[in-house]
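Peer 1: Below is one structure. I have some questions about it.
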Amino acid sequence: MSGSATRDRPESRGDLGGARARILARVTRATATRGKLPHPGRLETPPAPDPATPPAPTTTFVKRFTSQCGEVATPDPDRSPRDWLTSFINGLGDEVNAIAIGADVPARLQPHPPDMPPADAGTAGGESPGQSRHAPAVAGPRNSPQPLHHAVPPEHAGVGISLAWGAVAETGSLILPSTGTRAVQLLPPVHIIWVPAGRVFARLEDALLELRAELPAGVGLHSGPSKSADIGQTVVTGVHGPGRCIAVLES
Amino acid sequence: MSVRISEYATRSREAIRDRPEVRTAVTGATVAFDEKRRRAYGEVDADSWRRWAEGVKNHLLTHLDDYLAEAEAQLEANGADVHWARDADEARQIVLALAARHSARSVVKGKSMLTEEVELNPALERAGIEVYETDLGEYILQLLDEPPSHIVGPAIHKTLEQVQHLFADRLETDPGGDPDELARAARDVLRDAFINADMGITGGNFLVAETGTVALIENEGNIRLTTSLPRVHVALVGIEKLLPRMSDLAGFLQLTARAATGQPIGCFVSLVQGPASAPGDDGPEEVHVVLVDNGRTDVLLHEHAWEALRCVRCGACLNTCPVYRQTGGHAYGWVYSGPIGSVLDPGLLGLHEAMPLPFASSLCGACFDACPVRIPIPELLLSWREEAQQKGLTPWKERAALAGLATAATRPPLYRAAARIGTRLGATRAARKLPMLSDWSNDRDLPRPSPHTFRQLWRQGIK
C-alpha cells in the first residue's frame, strides 16, 4: 500500500472529536508556561580505554557481540564465500534440514544448492540455476526431503541467511534492513548474517545517521540471540527469535 | 487494569504476611537487576549520560507541540497512519475500529504498559478477538489473569515452581520441566499465533520526530515478530515518548538498556518507519501509530510533576527501591508501581485517585541516583505530599496531629507544657496506648526520651 493511498482514507487523521487539536492545544498551553529549554547537543560516548591506540571497530564489535552470546565466524580467505558457507552450514549438524535466504542476499553469498558441487570454482559470483529461487523466501517448496535446499518458507527452515546493512562496535549490533526478508531474520532457529567488509561502525550514532539517508520501512538491530529470564530469573535462549546468531565478517 | 491504589496499605501488608514467596522472588530479581545496572553505569560516564538525557527530554517536553506535529508529518510521509486519543476510551475505540476494518480474529501483542493503562485486552476480547501476549512473562500472567508487577520484568514475582505448575496444567509440560523446556512450550503456542495473527499491537519506547521512527526495545524477538509478520501493525505511543532526532535515539537506546537490565543495548531493537514498500520486504501492509494523551497533558501542565514525563520506563527505580522490594508491584494497585508510579500515578489519575502512593516511600533517594533521566522522585514525592496535605487528602489523625503541632509551636507556653508532658509520658508504657502512635510503636521499641526537655537542657547549658 502506498503512502498516498493511506493518506487518502478519511479516517487516516484519526481525529476522534477533534482529539488532535485538543491535545496539541493543551501541550502548547503547557509549554507556553515554561521556558523553552535548549537541546544539549551530541552525547559523547566513552573514549576507548587507551586513546593512543583505540581498538579497531571490528575488534570491539567481536568482543561486544560475543559477550551478548552472539557468535562470530570468519570465512576462509582461500575459498569462495559460497564454498565456505556451504561447508560451514553442513558443519552445523543434523538440525539443519533446510535454509531460508533473505531477498537481498547476493548469489555469491548464498550456499550451494544441494545438487551443486560445493568446490566448483566457476560458481563464485556466477549465475547458477538455483539462484533465482532465493527471493522471496516464502515462495519456495515446503518440507522438501532434501537435507539442504534453498528457498523454503522461513518457518520451516533450520537456518536463515541475511545480509547486514552494517554492524556497530560499541553495542555489538547487526543492522538488518527490511529490504531483506524479515521472516528469514526471525523465524529459523539459527541465523547467519553476512557483514560486508568495511561496514563496522564504531558508534551507534554514526551508523544511525548514515542509515537515516536511506531509511527502509523497518530496521532490526540484532545484538546476539533471543533471550529471556522471565521464568525463575534463569536465562534461556531462542525464546521467539533465533537461538543462535552468527555474524560472518567478510574480509 | 482497574485502579486499586486506595487499598495500598492492606494489600502491601497482605503481600508481606501471606505471600512470602513474592518478597523472596521480587527481592532476588530486583537486587540482581540493580547490580547489573550499577555495573553498566560504571562502564560509562553515567553522570554525563544522565545529564545529557535529562537535557534532551527537557528540550523535548518544552517543545512538545512542535515535535508532535513533526512526528506526525514524518510518519505520514513514510506511509503510516497517525491517530490521536485523548483518553483510554478513545484509544480503545481507535484500535477496535482498525481491528473491525481488517476483520481481525487474532492479535499478537508486544509488552506495552500503555495498553495495560488503557485496558486494551479486555476490550479486544469483548469484541471476540483472540489476544496473545507474546512476551514470555506477559504470557505467563495472561494465563493467570494477573496484571504485570514490574515495568520490565512483568512476572518477576513468580517463582519457577509456580510457572512449572501453571504450564503443566495449561500446556501439559513435565511438572519438573526446566526453564528451557517451559520456554519451548510457550514458544510453540506463540509461534503459531505469530504466523496466524491478523494484527500486531505494540507500545513504543521512543518516537523519533525527525524520521517518524517508532523504536522498540526487547530481548526475546517477540516484538520484532509482532511488528513484522501480521499484515497490520498498530503502535500505541504516549505523547511524551518522543525524541527530537535520530542521533538522540542512539544515546537513549544505550542508556535505557543499561538502566533497565545492565545491557549495552536490548538484544533486539525494532525501528518502525511505516508499512513495507520496497520489493522483498515482507513486513506489514499498514502501520498505525496511536498517539495517546490519557492524562499526560495534565502532568505536563502541573507545576512540578511534568518532570516525571521524562520517564523512559526502564524500571531502575523499582529495582533499587527498598519499599518496592518488599511487596512487588501489585500492592501499588495500578500499572506504574514503585517510586516512579508514586509520582506519575497522581499526575495521570489525579492525586485523590492515587492516594496514598506519595507516602509509600522512605525518601531514601536511591531512585534518583538510579534514574537515567534524573527525575527528582524524592522531591516530587514531597511536593505531592504537600499538595495532599493542602487538599485535605491525608488521614484525619495526621491532619489533627499536625494542626495540634502548629497550634503548640506558635504558642510558646503551650509548647513548653506539652514538651514537659511528653518527656514524662514517653518514659511510661502509656505511650503505646496513644492513638496517634500505636501504628508506629506496636512493632517497635519506642525510644526513651530524655527526662528533660531541650529547653530545660538549653537553660542549664548543654554540652
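Only the coordinates and a few stated rules stand behind these numbers; no lab work does. The structure displayed is predicted, hence computed values, not measured ones. Cβ: placed from backbone, ideal geometry, glycine included. Neighbour counts: every protein chain shown.
Peer 1: Would you mind ranking B:TRP84, B:TRP52 by Cβ crowding within 10 Å, fewest neighbours first?
Peer 2: Details: B:TRP84 27, B:TRP52 22.
So the residues, fewest neighbours to most, are B:TRP52, B:TRP84.
Peer 1: Say each of B:ALA417 and B:SER450 gets a label point 7 Å from the Cα, pointing the same way as Cα to Cβ; how far apart are those two points in nm?
Peer 2: Going from the B:ALA417 label point to the B:SER450 one covers 2.4 nm.
Peer 1: If you build the Cα gyration tensor of the protein assembly as shown and take the root of 5 times each eigenvalue, what three semi-axes come out, in whole angstrom, biggest first? List each step's numbers first, then the result.
Peer 2: Working: eigenvalues 528, 146, 126 Å².
Sorted largest first and rounded, they come to 51, 27, 25 Å.
Peer 1: Measure off 7 Å from each Cα along the Cα-to-Cβ vector at B:ASP87 and B:ASP178, then give the distance between these two points in nanometres to one decimal.
Peer 2: 5.2 nm
Peer 1: Additional query: Based on the Cβ-Cβ distance from B:ALA168 to B:ARG459, what FRET efficiency comes out when R0 is 56 Å, to the nearest 0.05? Could you put the intermediate results ahead of the total?
Peer 2: Details: r = 74 Å, r/R0 = 1.32.
According to the calculation, E is roughly 0.15.
Peer 1: Averaged over A:166-176, how many beta carbons belonging to a partner chain fall within 10 Å of each residue's beta carbon?
Peer 2: 3
Peer 1: Based on Cα positions only, what radius of gyration and what Dmax would you give for region A:182-232, in angstroms?
Peer 2: Here Rg and the maximum Cα pair distance are 14.0, 43 Å.
Peer 1: Taking the beta-carbon count within 10 Å as an exposure proxy, list B:PHE167, B:PHE268, B:PHE194 from fewest neighbours to most.
Peer 2: Numbers: B:PHE167 22, B:PHE268 29, B:PHE194 25.
Fewest-to-most ranking of B:PHE167, B:PHE268, B:PHE194: B:PHE167, B:PHE194, B:PHE268.
Peer 1: Another question, then. What is the mean number of Cβ atoms from other protein chains located within 10 Å of the Cβ atom of each residue in peptide B:277-290, rounded to a whole number? Before the final figure, lay out the partial values.
Peer 2: Working: counts 7, 9, 5, 13, 12, 14, 8, 5, 2, 3, 4, 4, 1, 1.
Taking the mean over all residues of the peptide, I get 6.
Peer 1: Please identify the cysteines of the protein assembly as shown that lack any partner cysteine with a Cβ under 4.7 Å from their own Cβ.
Peer 2: Unpaired cysteines in the protein assembly as shown: A:CYS69, A:CYS245, B:CYS267, B:CYS311, B:CYS314, B:CYS321, B:CYS364, B:CYS371.
Peer 1: Based on the mean of other Cβ atoms within 10 Å per residue, sort peptides B:315-323, B:104-112, B:379-387 so the most packed one is first. Walk me through the intermediate numbers first.
Peer 2: Working: B:315-323: 25.4, B:104-112: 23.6, B:379-387: 18.4.
Averaged packing, sorted descending, gives the order B:315-323, B:104-112, B:379-387.
Peer 1: Nearest 0.05, what FRET efficiency do B:THR407 and A:ARG34 give at R0 = 56 Å with Cβ-Cβ as r?
Peer 2: Values: r = 38 Å, r/R0 = 0.68.
FRET efficiency, B:THR407 to A:ARG34: 0.90.
Peer 1: Averaged over B:61-70, how many beta carbons belonging to a partner chain fall within 10 Å of each residue's beta carbon?
Peer 2: On the way: counts 5, 9, 6, 6, 10, 5, 1, 5, 3, 0.
That works out to 5 on average.
Peer 1: In addition: Report ³J(HN,Hα) in whole Hz for each residue of region A:52-58, in order, from the Karplus equation J = 6.51 cos²θ - 1.76 cosθ + 1.60 where θ = phi - 60°; Gly and Pro get x.
Peer 2: Using θ = phi - 60°, the values come out as 5, 10, x, x, 4, x, 5 Hz.
Peer 1: Would you mind ranking B:ARG374, B:ARG455 by Cβ crowding within 10 Å, fewest neighbours first? Write out the running numbers ahead of the final one.
Peer 2: Numbers: B:ARG374 18, B:ARG455 13.
Least to most surrounded, the residues fall as B:ARG455, B:ARG374.
Peer 1: Under 26 Å from the Cα of B:LYS397, which lysines turn up, not counting those fewer than eight places away in the same chain?
Peer 2: By straight Cα distance, B:LYS397 reaches B:LYS433.
Peer 1: How large is Rg/Rh for chain B, to two decimals, with Cα atoms and a Kirkwood Rh?
Peer 2: Details: Rg = 25.2 Å, Rh = 24.2 Å.
Result for chain B is an Rg/Rh of 1.04.
Peer 1: Turning to a different aspect of this structure: Given 0.36 nm per residue, what is the gain on full extension from B:ALA69 to B:MET1 after removing their alpha carbon distance, in nm?
Peer 2: Values: separation 68, 0.36 × 68 = 24.48 nm, distance 3.02 nm.
In short, 21.5 nm is gained.
Peer 1: Sticking with this structure for a sec: Sequence gap at least 6, Cα distance under 8 Å: using those rules, report the relative contact order of chain B to the nearest whole percent.
Peer 2: Values: 790 pairs, mean separation 95.4, N = 463.
In percent, rounded to a whole number, it is 21.
Peer 1: Could you work out the helix-only [θ] at 222 nm for chain B, with each DSSP H run of four or more residues adding -39,500 (n - 2.57) and the total divided by the number of residues, to the nearest 500 deg cm²/dmol?
Peer 2: Details: 23 runs with 242 residues, N = 463.
Counting only the DSSP helices, I get -15500 deg cm²/dmol.
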